[in-house]
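Visitor: Pasting in a structure now, in structure tokens, and then I'll have a few things to ask.
None of the figures in this text is laboratory data; all of them are computed from the coordinates on show. If you're wondering where the values come from, they're calculated on a predicted model, not measured in any experiment. Backbone-built Cβ (ideal geometry, glycine too); neighbour counts: all protein chains shown.
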Amino acid sequence: MAKYRLDYIWLDGYTPVQNLRTKCCIKEFEEFPTLEQLPEWGFDGSSTLQAEGGDSDCVLKPVALYPDPTRINGVLVMCEVMLPDGTPHPSNARATIEDEPGTWFGFEQEYFLIKDGRPLGFPENGYPEPQGEYYCGVGYKNVGDIGREISDIHLDLCLEAGINHEGINAEVASGQWEFQIFGKGSKRAADEIWMARFLLLRLTEEYGVDVDWRCKPIKGDWNGSGMHCNFSTEHMREVGGKDYFLKLMDAFEANCEEHIAVYGPDNDQRLTGLHETQSIDMFSWGVADRGASIRVPHSFVKDDAYKGYLEDRRPNSQGDPYKIASRVIQTINSVAK
């Protein structure tokens, strides 16, 4: 038997943005444990805004596990928060996702790295050079001294943990970066975005750097941070068709307010109609249009097939991928095939 360190990870009850929380325990196993072998575990919900002090017990239910790339015999355990009676806690958005194994999601997570109260590359007073050369940039003046190092190490950690990380790039503003996560199944990509966020936050502790997930931390003529949501269903990939696509877009437009409500806080600061966004109170779609609500790839309309995946560009960097996936699936399921 070997001793394993289990780091249980969950989302607290703060609003409008939940925080990651973690605590660890030591258990013995013959080999790396399976999800079924991991026990549920309690925590003090009154300290995370998830319970009152007089009845504070909440339950952590393991739902996904990953090897911890920073430790020998370490296990990262993603959990849902449950009530003592076994029902999902009101803060548990993962439990609202309909189990659609044929639904695929890809999230593009943007963020800023902050040191001494300002993004990497920003001078103590004023601003760096305007946007232009930072996007996918190379060289010290474009990516600074530790931005690429942090981004590269984070990529390696995610891959070693078994997260389906698909790539990184410097973004359009100084100190701004992006990583992409893809998953087959309704919940997998969302689980792995949260775990990738956890690994990034834990990594930046070593550098004295903060991660700013806010969608518009720098005011003025700078792009905000998004978390574009790429999605498809088996029907979209295998059948498609223009009539179905147009009905789907009508459904997204009809549910525009419901989508915006779960696409992250302060999105009015980012969805202005400028900086590659559509206005928050409008809905549009367009082929290869990064200023539309939904960008339709050229591959989707090739040969008039209207088949493949679509990109919803409205979710922002602070959005909860569980809530985003849940809402997207609800809208898709409202459309007759």
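Visitor: Each label point is 7 Å from the Cα along the Cα-to-Cβ direction; what then is the distance between the points at VAL335 and LYS242, in nm?
Guide: Distance between the two pseudo-spin positions: 1.5 nm.
Visitor: Between ASP116 and GLN37, what is the label-point separation in nm under the 7 Å Cα-to-beta-carbon projection?
Guide: 4.8 nm
Visitor: What is the ratio of the Cα radius of gyration of the range 129-285 to 2.2 N^0.38 Å, with N the residue count, to two decimals? The partial results should precede the final answer.
Guide: On the way: Rg = 17.6 Å, N = 157, 2.2 N^0.38 = 15.0 Å.
Normalised Cα radius of gyration, the range 129-285: 1.17.
Visitor: Now a separate question. Please report SER326, SER186, SER174 as a ranked list, fewest other C-beta atoms within 10 angstrom at the top and most at the bottom. Kindly include the intermediate steps, with their values, before the conclusion.
Guide: Working: SER326 20, SER186 23, SER174 29.
By the 10 Å Cβ count, ascending, the order reads SER326, SER186, SER174.
Visitor: From the phi angles alone, apply the Karplus equation (6.51, -1.76, 1.60; θ = phi - 60°) to the range 249-263 and give each ³J(HN,Hα) in whole Hz, x where the residue is Gly or Pro.
Guide: 5, 4, 5, 5, 5, 5, 9, 4, 5, 5, 5, 4, 4, 10, 8
Visitor: Now for a separate question. Can you pull the one-decimal nm distance between simple spin-label points at ASP152 and GLN131, each 7 Å off the Cα toward Cβ?
Guide: Each label point lies 7 Å from its Cα, and together they span 2.7 nm.
Visitor: Ok, one more. What residues of the range 208-236 lie in the reach of a label at ASP281, counting those whose backbone N is under 15 Å from a point 7 Å from the Cα along Cα→Cβ?
Guide: none
Visitor: Tell me, TRP177, TRP10 in order of fewest to most beta-carbon neighbours within 10 Å? Walk me through the intermediate numbers first.
Guide: Details: TRP177 24, TRP10 29.
In increasing order of surrounding Cβ atoms, one gets TRP177, TRP10.
Visitor: Averaging sequence separations of C-alpha pairs under 8 Å and six or more residues apart, then dividing by the length of the chain, give the relative contact order as a whole percent. The partial results should precede the final answer.
Guide: Numbers: 693 pairs, mean separation 54.1, N = 337.
For the chain, the relative contact order is 16 percent.
Visitor: What ³J(HN,Hα) values, in whole Hz, does the Karplus curve 6.51 cos²θ - 1.76 cosθ + 1.60 give for the range 190-204 when θ = phi - 60°, with x put for Gly and Pro?
Guide: Along the range 190-204, the couplings run 5, 4, 6, 4, 5, 5, 5, 4, 4, 5, 5, 4, 5, 5, 5 Hz.
Visitor: Would you tally the net charge around PRO315, using a Cβ to Cβ cut-off of less than 11 Å, leaving PRO315 out, and scoring K and R as +1, D and E as -1? Before the final figure, lay out each step's value.
Guide: On the way: positive: ARG270, ARG313, ARG314, LYS323, ARG327; negative: GLU108, GLU110, GLU311, ASP312, ASP320.
My count for the surroundings of PRO315 gives 0.
Visitor: Does the range 269-337 classify as rounded, prolate or oblate by the C-alpha gyration tensor (a ≥ b ≥ c root eigenvalues; a/c under 1.5 gives rounded; else a/b over b/c gives prolate, otherwise oblate)? Before the final figure, lay out the partial values.
Guide: Numbers: a/c = 2.08, a/b = 1.18, b/c = 1.77.
Cα axes put the range 269-337 in the oblate bin.
Visitor: Still on this structure, please answer the following. Quote to one decimal, in nm, the extra length available between HIS298 and GLU206 on full extension: 0.36 nm per residue of separation minus the C-alpha distance between them. Please report the intermediate quantities before stating the final value.
Guide: Details: separation 92, 0.36 × 92 = 33.12 nm, distance 4.21 nm.
Result: 28.9 nm gained on full extension.
Visitor: Using Cβ counts within 10 Å as a stand-in for footprinting exposure, how do GLU160, GLU80 rank, fewest first?
Guide: Values: GLU160 15, GLU80 23.
Ranked by crowding around the Cβ, least crowded first: GLU160, GLU80.
Visitor: Right, next: Could you work out [θ]222 nm for the chain from helices alone, using -39500 (n - 2.57) per DSSP H run of at least four and dividing by all its residues? Round to the nearest 500 deg cm²/dmol.
Guide: -7000 deg cm²/dmol
Visitor: Follow-up question, since we're still on this one. Quick one: check the C-alpha center-to-center distance for the range 156-210 versus the range 7-44, whole angstrom.
Guide: 19 Å
Visitor: Once you sort the root eigenvalues of the Cα gyration tensor of the range 1-109 as a ≥ b ≥ c, which label holds: rounded (a/c under 1.5), prolate (a/b larger than b/c) or oblate (the other case)? Don't jump to the answer; show the numbers that get you there.
Guide: Working: a/c = 1.75, a/b = 1.21, b/c = 1.45.
Because a/c hits 1.5 or more and a/b fails to exceed b/c, the range 1-109 counts as oblate.
Visitor: Can you tell me the FRET efficiency between PHE29 and THR70 if r is taken as the Cβ-Cβ distance and R0 is 25 Å, rounded to the nearest 0.05?
Guide: Numbers: r = 19 Å, r/R0 = 0.76.
The formula returns an efficiency of 0.85 here.
Visitor: Can you give me the long-range amide H partners of GLY308? Hydrogens built in the peptide plane at 1.01 Å from N, cutoff under 5 Å, separation of 5 or more residues or another chain.
Guide: ARG237
Visitor: OK, next. Residues with amide H under 5 Å of SER225's amide H, sequence separation 5 or more or different chain, H placed in the peptide plane at 1.01 Å from N; which?
Guide: Counting only residues 5 or more places away or on other chains, the set is LYS216, SER317.
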